[in-house]
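Below is one structure; the comments refer to it alone.
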Amino acid sequence: MSKRTLDAFFKPKTTTPPTKRPKPTPTADNSPPHSTEDITAPDTHPSYPSPIPQLPSHISIALTHGTPAKEPRAINNQPDLDLLYFQPYITRPTANELFKFLRRELPFYRVKYTIKRGGIETEINTPRYTTVFGVDDTSQFTSYRDIKSKNKNEDEDDEDETTNPNENSINSSSNLSLTETTSKTPIRNTKYQYTPRPIPTCLNQLKARVEAATGSRYNSCLVNYYSSGNDSIAFHSDDERFLGASPDIASLSLGGEREFVMKHKPVPPRHTGSTTSLTSTSTSASPSTAGTTLKFPLSSGDMILMRGSTQSNWLHSIPKRKGRSGEAVEGRINITFRRAMVPAGTNNYYRYNVGDGGVWRWDGGRGRWFV
């Protein structure tokens, strides 16, 4: 019998073949499968109903290096109008992938609330799916590390801090706490009617790119989902006091094409029939005419920045769109970035876009929402 060395005794007789990576499977809504390189820890926070995944790497890279996809067109030859029109801001393929991702991963709500009209309370059912993130200028989400350093006056290289596994996670549940902007102390429990939520990384990346392209700064992100051409929003203006005198509001469209309609307020009765349509081939708005209605076709990836005196003097809406197959029945996401100055803005946004109802999710396999 041949002798075996000590090394041979402990050496396994067979070698286990290397484990093969499983092939990525398509997602339920037919978006491209994510590779194993896209598996990153999701954002978590006590105010989130569930973890919110980070953007797949191909979308993140496209936003970082591909926006704006086209330089904006300034539209300011109407009274009190100051717009930047990006056609597009995000390329169509990337915008469609971002649309599918956000519809699938964000928590949405169908908010109900009551208002008084003529002394009579009326219940309003929001005709869209909505959600919101962010907080006004008087508060901020401060990292665990900053709070600990302030309260305990500890060094940046303190061993407990540097070994905190969540210190580099933007929205980790143990990493962000709501504090007063000026004093950096925790906010009082009665400051807000609803709990503000930090903007998740997937939207924060987009916000940073929009800020770079527009030169504006935002602290709130409102997301509306229009399920079909039947979903609409009536003429209104975002001229609330909590936004300041001349707010800059960026409105990004993803998914199905819809029309963004604007008209000056108030519209003189003798000019109500005048309409100007701005197509992708037009070079400027029509000559200044009192009562003119402007129509902007918004395809997936297009964005409009409303700034200056626009909100104080103009109304905008998304009308119902019927009679066209395809685009008219496609879902659409509208993201607006805003800057609320005081707590009234935060309370308003969370009341009308989150409320107290259940969380709605998109079932891509069945093509419908469920709660």
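Annotations for the structure displayed:
- Exposure proxy for Trp360, Trp314: other Cβ atoms within 10 Å of each Cβ, ordered fewest to most, give Trp360, Trp314.
- Three-way shape label, the range 329-371, alpha-carbon gyration tensor, a/c 1.5: oblate
- 3J(HN,Hα) from dihedral phi, the range 187-201, Karplus parametrisation 6.51/-1.76/1.60, rounded to Hz, x for glycine, proline: 5, 6, 5, 8, 5, 10, 6, 10, 6, x, 10, x, 5, x, 4
- FRET E, pair Ala245, Asn76, Förster distance 22 Å, beta-carbon r, rounded to 0.05: 0.75
- Residue-span extension gain [Arg366 to Glu211] - 0.36 nm each, minus C-alpha spacing: 52.2 nm
- Note on Lys320 and Lys191: with the Förster distance fixed at 45 Å, the Cβ-Cβ geometry gives a FRET efficiency of about 0.70.
- Pairs beyond 26 Å (Cα-Cα), from Lys112/Lys320; Lys100/Lys265; Lys265/Lys320; Lys116/Lys191: Lys100/Lys265
Every read-out reported here was derived from the displayed coordinates using simple, explicitly stated rules and does not represent laboratory data. The structure displayed is predicted, hence computed values, not measured ones. In this analysis, Cβ positions are derived from the backbone assuming ideal geometry, glycine residues included, and neighbour counts consider all displayed protein chains.
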